[in-house]
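Asker: Okay, handing you the structure first.
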Amino acid sequence: MSTSHVWLRGAAVFLAASTALSATSDLQTSRKAAVTTPSVLLITLDTVRADHIGCYGYSRIETPAIDRLASDGVRFENAYTLVPITLPSHAVILTGTYPMFSGVRDFTSPPLPANVPTLAEMLRHHGYHTAAFVSSFVLNSMWGLNRGFEVYDDDMAIDLNHTRFLFLLARRGDYTTDRFLTWLDRNGNKPFFAWLHLYDAHSPYRSPDPYHSHYSGRPYDGAIAFDDAQVGRVMSRLRALNLYDDTLVVLLSDHGESLGEHGEAEHGFFVYNATIHIPLVLKLPKQASRALAVSQPVSSLDVASTIAQVCRVPAAESGSLQGRSLLGTTISGGLSGPKPGPSQAVYAESFYPLHSFGWHPLRALVTAELKYIDAPRPELYDLERDPGERFNIVAGHSATAAALRDDLTAVGRRFAAPERNSPAPTLDAETLEKLKSLGYVAYKAGAVENDGNETAADPKDKVGVFNRILRASDLSGVGKYAEADETLAQVEREEPDLYVVPFQRGENFLAWGRPALAVAEFSKALSRNPTFDQAALGLGRAHFLLGQNEQAATAFELALRSNKNNFLAKAALAKVHWKQNQVGKAELEFREITKSHPEFGEAHADDGIMLTILGRYSEALPEIQRGIELGSQEAIAYNYLGVCQAELGHPSDAIHSYEKAVELDPRYSVAYLNLALQYRNQGFRAKALAYFETVCKLSEELCKQYASQFAPPKS
């Protein structure tokens, strides 16, 4: 490729958000007006590379549902995500805004700001019924993507006793699809905007048989094939309900997976095509043109603008959208397909290296032929001749690289939120006081919202360190705590300023059952980044396990100051108040959580326990029962359920509940005591004495306290 040829391409790429998408010139336009308001189904397949799907040329997999959808619509051959991380990528899709505008950029970002409108809000305002069904905890409503959805189904069977693994919580795609189909059967007769998210292709790539067996040795492909089957179920139901033809279906991935390319095992760190080149298929309502393939670069940013156009959202109400519609103009009430136009460039970024490690961020600009990556050692790739991005040609094409870097800088300036160009805000006085109360008088500021600096490390040079940190997490996950800590300690010696390393050590110590050591590590992480709410949450859990309730409460409050919607921190704080005998306060907190997260079974059970302690048995009973129905299987819940049943005049039910409690926890002395008292009240003295003997074996204190009630009768 000659320098002059590359220069012309580089100079021609300047992003214009209002320009229509390029496409084949022979595209036919449907002029038939839609009879009804079109419904919209958005399907996001987590972690799916474009080159691992049949209709994108991959012959080692069977994806009949996605392939058929592509044959009924438009397949975008060169679609890209803006961020190779689940939460910020979905924020782009659902708001149609750049990550530098919304501020949702990586794992440590705050929730979606309230002043960034969502597509669901726009469509709900226009009479659409809205619902979302997600398959991973990383998309929980606490990060703000639920705004505008009447139904936001994010239930992951959360267990606060195992919070270390919450961010790995996911449910199988068929379970999520079941819930969506139930909703569709009830709501498909009116215009809807529904979002279905499937997570099975995310590491560790699990799928049931026959997919697991059929793709033995290739679990990633097996998981994609399994999710394709769920897409097939959904399309079959749409057809059965006579909804398929009138529904706009948008299917895409949030990002891909490196699978070892460029030294990256999974995704998030780099911005090579392995993680940012995604499938994107569009099936239009009442569309005559089918099986089209568009080769020009497009991005996930354009999805919201496309949906807004199809649903006829007025421009005045969709003004926040920063993408460009993938369609042409409306003609005689009908919708055209993509229109010919000038080629566009697509932006992508990963601020994960900066915000989590202090290394240089990565930003990229992708054209039809080239990709430029801005880094301390910049990269330029000829995508036509080198699709695997193996040969960096920047040295021979410095002028082209400079032009693309200028374009990249222009994008960042044009679409950033104005307030994010100002210096990072300082911590408020109350937060500083909470830090001081925990012993943090001095601290280093957290990552500043900027583009890094030229002295920051190039992520290419740090991928080995990054992989060792991930390796330590894997070791901890399988119980190899000493080996995990040794790995992290070595990284700490090499990278003494990283806050992520002591955070990981703290999590490892908690899993190891060593909360005192965890306190020291979480404290170190917070001293390096006092706004890192996960470290504050971990610190609170460690203090709680040590019985240090005041310190635990302060840490949980600090976590809530970083994200007021962090219901896990709220629930943990409520448990502290319970331990401090502030039962009324704890009950109000648990009740608030059950309202915001009605599928959180443990919160329902705990709310019921608080109501029982307060003597409000008729209110408590249904709450505890609801908690158990939703999966809470704690012995304490069954014990207090028994108390409610006994007080409300159901002794047989109470006995059954107490028996369940001791079955779950054979050393639960209070539940044995309640059984003994219940049998004594019913006149079954032998059974009562037998259970009381067990109480005495387990608790000397309870034995002495209740001995008189089980003494032999005086002659």
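Asker: Kindly indicate which of GLU619, GLU663 is farther than 27 Å from LEU568 by Cβ and touching a helix residue (DSSP H, G or I) at 6+ places or on another chain (Cβ under 9 Å). Don't jump to the end; show me each part of the working.
Answerer: Numbers: GLU619 fails: farther than 27 Å from LEU568 by Cβ.
Answer to the check: GLU663.
Yes/no matrix, rows are residues, columns are (1) closer than 23 Å to ARG171 by Cβ; (2) modelled with pLDDT of 95 or more; (3) crowded, with 21+ Cβ neighbours inside 10 Å:
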{"position": "THR24", "(1), (2), (3)": "no, no, no"}
{"position": "LEU27", "(1), (2), (3)": "no, no, no"}
{"position": "VAL40", "(1), (2), (3)": "no, yes, yes"}
{"position": "ASP46", "(1), (2), (3)": "yes, yes, yes"}
{"position": "ILE53", "(1), (2), (3)": "yes, yes, yes"}
{"position": "ARG60", "(1), (2), (3)": "no, yes, no"}
{"position": "THR63", "(1), (2), (3)": "yes, yes, yes"}
{"position": "TYR80", "(1), (2), (3)": "no, yes, yes"}
{"position": "LEU87", "(1), (2), (3)": "yes, yes, yes"}
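Asker: Criterion first (without any contact (Cβ under 8 Å) to a residue 24 or more places away in the chain, aromatic (Phe, Trp, Tyr) and in the same structural domain as LEU196 (by TED's automatic domain parsing)) does TYR80 satisfy it?
Answerer: When the stated conditions are applied, TYR80 does not pass them.
Asker: Take the residues in region 595-636 that are of a type in the set (A, V, I, L, M, F, W, C) and part of a loop (DSSP other than H, G, I, E, B); name whichever of them is farthest from LYS660 (Cα to Cα).
Answerer: Of the residues in region 595-636, the ones of a type in the set (A, V, I, L, M, F, W, C) are 600, 603, 605, 609-611, 613-614, 620-621, 624, 628, 630, 635-636.
Now restrict to residues that are part of a loop (DSSP other than H, G, I, E, B): 600, 614, 630.
Numbers: PHE600: 21, LEU614: 23, LEU630: 17 Å.
Ranking the candidates gives LEU614 first.
Asker: Name the pairs whose Cβ atoms lie under 9 Å apart, with the first residue in region 366-381 and assigned by TED's automatic domain parsing to the domain that holds ASP458 and free of Cβ contacts under 8 Å to residues at least 40 places away in the same chain, the second of a type in the set (Asp, Glu) and surrounded by 24 or more Cβ atoms within 10 Å (Cβ to Cβ), and 6 or more positions between them or separate chains?
Answerer: none
Asker: Another question, if that's okay. So which residues in region 469-498 are closer than 20 Å to GLY268 by Cβ and among the β-branched types (Val, Ile, Thr), if there are any at all?
Answerer: ILE469, THR487, VAL491
Asker: Tell me the residue from ALA131, ALA120 that is in a helix (DSSP H, G or I) and touching a strand residue (DSSP E or B) at 6+ places or on another chain (Cβ under 7 Å), please.
Answerer: ALA120
Asker: Of all residues in region 230-257, how many are among the small types (Gly, Ala, Ser) and either in contact with a strand residue (DSSP E or B) (Cβ under 7 Å, 6 or more places away or on another chain) or crowded, with 22+ Cβ neighbours inside 10 Å (or both)?
Answerer: Looking only at that region, the number is 2.
Asker: Condition first: out of contact with any helix residue (DSSP H, G or I) (no Cβ under 8 Å at 6 or more places or on another chain) and either at pLDDT 95 or above or in a loop (DSSP other than H, G, I, E, B) (or both). Now tell me which residues in region 147-175 satisfy that.
Answerer: ASP155, ARG171, ARG172, TYR175
Asker: Could I ask something else about it? Kindly establish whether VAL281 is crowded, with 17+ Cβ neighbours inside 10 Å, under 15 Å from ALA50 (Cβ atoms) and at pLDDT 95 or above. If you could, list the steps in order and put the result at the bottom.
Answerer: Values: crowded, with 17+ Cβ neighbours inside 10 Å: yes; under 15 Å from ALA50 (Cβ atoms): yes; at pLDDT 95 or above: yes.
Against the criterion (crowded, with 17+ Cβ neighbours inside 10 Å, under 15 Å from ALA50 (Cβ atoms) and at pLDDT 95 or above), VAL281 qualifies.
Asker: Which residues, counting only those in region 302-332, are at pLDDT below 90 and crowded, with 19+ Cβ neighbours inside 10 Å?
Answerer: LEU327, GLY328
The rows are residues; the columns are (1) in contact with a strand residue (DSSP E or B) (Cβ under 8 Å, 6 or more places away or on another chain); (2) outside any strand (DSSP E or B); (3) at pLDDT 95 or above.
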site: GLY341; (1), (2), (3): no, yes, no
site: GLN344; (1), (2), (3): yes, yes, no
site: GLU349; (1), (2), (3): yes, no, yes
site: TYR372; (1), (2), (3): yes, no, yes
site: ARG377; (1), (2), (3): no, yes, yes
site: ASN392; (1), (2), (3): yes, yes, yes
site: ALA399; (1), (2), (3): no, yes, yes
site: ALA402; (1), (2), (3): no, yes, yes
site: ARG405; (1), (2), (3): yes, yes, yes
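Asker: Separate question: Within region 99-141, can you find the residues that are touching a Pro at 6+ places or on another chain (Cβ under 7 Å) and either closer than 27 Å to LEU362 by Cβ or modelled with pLDDT under 95 (or both)?
Answerer: Matches in region 99-141: PRO99, SER102, GLY103, VAL104, ARG105, ASP106, SER109, GLY127.
Asker: In this structure, does GLY477 turn out to be at pLDDT below 75 and either of a type in the set (D, E, K, R) or surrounded by fewer than 18 Cβ atoms within 10 Å (Cβ to Cβ) (or both)?
Answerer: no
Asker: Yes or no: region 482-502 includes at least one residue that is closer than 23 Å to LEU169 by Cα, of a type in the set (Phe, Trp, Tyr) and buried (at least 17 other Cβ atoms within 10 Å of the Cβ).
Answerer: no
Asker: While we're looking at this one, here's another question. Checking the conditions here, which among PHE107, PHE101 is part of a helix (DSSP H, G or I), surrounded by fewer than 22 Cβ atoms within 10 Å (Cβ to Cβ) and touching a Phe, Trp or Tyr at 6+ places or on another chain (Cβ under 9 Å)?
Answerer: PHE101
Asker: So which pairs qualify, if the first residue must be in region 202-216 and assigned by TED's automatic domain parsing to the domain that holds LEU169, the second must be hydroxyl-bearing (Ser, Thr, Tyr) and in a helix (DSSP H, G or I), the Cβ gap must be under 8 Å, and the two must be at least 6 apart or on different chains?
Answerer: As it stands, the answer is HIS202/THR86; TYR205/TYR220, since those pairs meet every condition given.
Asker: Pairs please, first residue from region 224-246 and assigned by TED's automatic domain parsing to the domain that holds VAL310, second anywhere and at pLDDT below 95 and of a type in the set (D, E, K, R), Cβ atoms under 7 Å, 6+ apart in sequence or on different chains.
Answerer: Once the first residue is assigned by TED's automatic domain parsing to the domain that holds VAL310 and sits in region 224-246, its partners that are at pLDDT below 95 and of a type in the set (D, E, K, R) give ASP245/LYS286; ASP246/LYS286.
For (1) touching a strand residue (DSSP E or B) at 6+ places or on another chain (Cβ under 9 Å); (2) in contact (Cβ under 8 Å) with a residue 40 or more places away in the chain; (3) of a type outside the set (Lys, Arg); (4) within 26 Å of LEU648 (Cα to Cα), each residue gets a yes or a no:
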site: ASN549; (1), (2), (3), (4): no, no, yes, no
site: PHE556; (1), (2), (3), (4): no, no, yes, no
site: LEU560; (1), (2), (3), (4): no, no, yes, no
site: ALA572; (1), (2), (3), (4): no, yes, yes, no
site: GLU589; (1), (2), (3), (4): no, no, yes, yes
site: TYR617; (1), (2), (3), (4): no, no, yes, yes
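Asker: Moving to a separate point now. In region 580-609, which residues are within 27 Å of ASN146 (Cβ to Cβ), touching a Phe, Trp or Tyr at 6+ places or on another chain (Cβ under 6 Å) and hydrophobic (A, V, I, L, M, F, W, C)?
Answerer: ALA586, ILE593, ALA603
Yes/no per residue for (1) buried (at least 24 other Cβ atoms within 10 Å of the Cβ); (2) modelled with pLDDT under 95; (3) over 17 Å from LYS480 (Cα atoms):
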{"position": "PHE509", "(1), (2), (3)": "yes, no, no"}
{"position": "ARG514", "(1), (2), (3)": "no, no, no"}
{"position": "ALA518", "(1), (2), (3)": "yes, no, no"}
{"position": "GLU521", "(1), (2), (3)": "yes, no, yes"}
{"position": "ALA535", "(1), (2), (3)": "yes, yes, yes"}
{"position": "HIS543", "(1), (2), (3)": "yes, no, yes"}
{"position": "LEU546", "(1), (2), (3)": "no, no, yes"}
{"position": "ALA552", "(1), (2), (3)": "yes, no, yes"}
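Asker: Out of ALA553, ALA489, which single residue is outside the structural domain of PRO110 (by TED's automatic domain parsing) and closer than 25 Å to GLY358 by Cα?
Answerer: ALA489
The values are calculated or read from the model by the stated rules, or taken from the named source; none is laboratory data. Bear in mind the structure is a predicted one, so any value in this text is a computation, not a measurement. Heads up, the Cβs are rebuilt from the backbone with ideal geometry, glycines too, and the neighbour counts pull from every protein chain shown.
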